Amino acid sequence: MRRTRRRIRPALAVAVVAALVFAACTDGGDERGDFRPGAADLADPYVPGAGNGGYDVAGYRLAVRYDPATDRLSGRATLTATATAALSRFNLDLAGLDVSRVAVDGRPAGSARDGDELVVTPRDGLSRGARFTVEVDYSGVPAAKTDGQLGSGGFLHTADGAIALGQPWSAATWFPVNDHPSDKATYDIEVTVPEGLAALSNGVPGQRTSADGWTTWRWAERAPMASYLTTLVIGDYRVQSGTHAGRPMVTAVPASLPATGPEAASLARTGEIADFLATRFGPYPFDSYGGVVVTDGRVGYALETQSRPVYGPGFFRGGRPNLGVVAHELAHQWFGNSVALSRWSDIWLNEGFASYAEWLWEEHDGGRTAQRTFELEYVGTDWSRPSVDPGRSRLFGAAVYKRGALAVHALRRTVGDDTFFRILRTWTAERRDGNATTDDLVALAERVAGRPLRPVFDAWLVGGTAPALP
Ligand SMILES: [Zn+2]
């Protein structure tokens with residue numbers, strides 16, 4: 001994610017976080033033999049209530065219909081999951097929306113709502129290790145979320161359609177989900193909208209069909225994806241479909257914008273920038289490329305939604321292409337998406353590397369060298385703020401982005417270019433399609449470099465005073 005910059009300064013405004021209040025389900029009440037309720041959240045203090053315990057989702061099949069005239073969405077979500085404990089019941093995250101039917105393994109199941117939780121009680125308990133499917137039919141007017149962390153997110157109704165987007169969570173506003181990045185899954189997404197409108201989402205485009213004034217757009221993301229990286233953009237868009245490096249490339253800008261404006265010109269560089277990053281980070285991790293620009297002013301950020309980042313309007317106000325933000329969001333495809341967080345306190349693993357990718361791109365593009373940017377940023381850094389576990393109110397703060405990027409470059413200066421880029425490529429290869437923590441990165445860096453590096457990471461990421469320049 002990157003916020004819109006009002007000026008050309010990397011220091012970003014500090015997020016204000018309103019407390020998220022979730023109704024937590026209490027345990028107990030319906031144990032059946034050894035079967036117990038799955039946990040109602042994953043105890044990640046950065047996103048209270050988000051995610052659920054007791055199962056692991058392998059895939060989501062979503063079929064939704066959205067009518068901008070009424071703002072109503074109706075859908076069926078089919079989840080394929082494995083029980084990681086013997087379950088008498090389990091929770092899904094779902095914000096608002098009405099559930100009309102739930103089935104587990106094809107048999108009607110009990111369901112109840114508790115705040116932003118959908119509690120599902122299968123007819124029989126699920127044994128540990130059991131693979132099962134859950135079908136949920138639901139409908140309603142999806143809502144935005146206003147937790148303040150990242151401005152407006154969730155499901156935003158627009159003049160001609162809708163935008164579903166947001167970090168650290170947003171998916172639960174439009175489908176039932178285990179809404180935490182630690183449970184990645186594949187997605188098949190089918191979106192039916194009035195004919196003439198586009199419905200963009202993640203991954204490889206499938207067959208598009210029309211009937212009775214409605215068009216169904218199909219998308220498939222085969223690489224495991226964290227739920228906050230899903231997106232839905234519906235409206236009157238100028239969609240460009242092609243290929244890059246043998247893979248589908250789909251970009252879109254609102255039809256209200258000129259075909260040759262800064263937005264389209266920036267998206268047109270997507271393949272070239274991804275190729276550049278691949279020379280530094282290793283092979284591009286997904287089977288499609290793309291990007292979507294939106295004009296809705298409530299989206300004051302860009303988000304690295306998997307394989308197809310969404311860019312808010314603020315990045316293009318200067319009237320010129322903005323390649324820095326494209327480099328940032330594309331870098332996340334490796335750092336954050338393919339190698340995803342296990343917990344939100346490690347968000348610098350996403351933002352430090354994505355910010356660093358902007359430095360690399362700028363140097364490659366004939367601008368300032370990464371070394372010079374490092375020197376300039378070092379001077380203005382507040383070392384009292386840690387990159388790791390920055391606190392919920394600073395999830396998107398300078399210590400995560402700028403200090404994180406400084407730590408990355410400090411590692412490079414410490415181990416030298418060859419070892420540094422070998423560390424990065426080993427990380428993206430070994431952790432591809434998975435999840436990881438800061439400790440995992442330190443251990444891998446030490447292994448690849450063949451020397452202790454913990455003191456370097458500690459000094460640059462969490463130390464309370466300015467580290468000596470390497
Ligand atoms: Zn970012």
Notebook entry, point to check: So which strands (runs of 3 or more DSSP E) are wholly in segment 198-305 and hold at least 2 residues that are within 22 Å of LEU73 (Cβ to Cβ) and of a type in the set (S, T, N, Q)?
Noted result: 209-211, 214-225
Notebook entry, point to check: Can you tell which of ALA466, ALA443 is open to solvent by 40 Å² or more (accessible area, probe 1.4 Å) and in a helix (DSSP H, G or I)?
Noted result: ALA443
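Could you please let me know if ALA255 is of a type in the set (Gly, Ala, Ser) and surrounded by fewer than 19 Cβ atoms within 10 Å (Cβ to Cβ)?
Numbers: of a type in the set (Gly, Ala, Ser): yes; surrounded by fewer than 19 Cβ atoms within 10 Å (Cβ to Cβ): yes.
Judged against the criteria, ALA255 is a match.
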Check: Is there a residue being of a type outside the set (Asp, Glu) and within 26 Å of VAL292 (Cα to Cα) anywhere in segment 94-114?
Finding: yes
Next item on the list: Filter segment 389-410 down to the residues that are within 16 Å of the ligand (Cβ to nearest atom) and open to solvent by 20 Å² or more (accessible area, probe 1.4 Å), then identify the one that is modelled with the highest pLDDT.
Entry: LYS402
Notebook entry, point to check: Are any of the residues in segment 312-324 within 11 Å of the ligand (Cβ to nearest atom) and of a type outside the set (Val, Ile, Thr)?
Noted result: no
Notebook entry, point to check: From the set of residues in segment 77-107 that are among the acidic types (Asp, Glu) and part of a strand (DSSP E or B), which is nearest to PRO176 (Cα to Cα)?
Noted result: ASP93
Check: So which pairs qualify, if the first residue must be in segment 227-244 and crowded, with 24+ Cβ neighbours inside 10 Å, the second must be aromatic (Phe, Trp, Tyr) and modelled with pLDDT of 95 or more, the Cβ gap must be under 7 Å, and the two must be at least 6 apart or on different chains?
Finding: THR230/TYR187; LEU232/TRP174; ILE234/TYR66
Check: Only one of (1) open to solvent by 50 Å² or more (accessible area, probe 1.4 Å); (2) of a type in the set (A, V, I, L, M, F, W, C); (3) within 22 Å of the chain's Cα centre (by Cα) is not met by ALA354, so which one is it?
Finding: (1)
Next item on the list: Take TRP344 and decide whether it is within 14 Å of the ligand (Cβ to nearest atom) and of a type outside the set (Gly, Ala, Ser).
Entry: yes
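The values are calculated or read from the model by the stated rules, or taken from the named source; none is laboratory data. In this text the structure is predicted, and so the values were computed from the model without any measurement. Ideal geometry is used to build each Cβ from the backbone, glycine not excepted, and the neighbour counts take in all protein chains shown. Heavy atoms of the whole protein, side chains included, go into the accessibility calculation; ligands, DNA and RNA do not. Shrake-Rupley method; radii C 1.70, N 1.55, O 1.52, S 1.80 Å.
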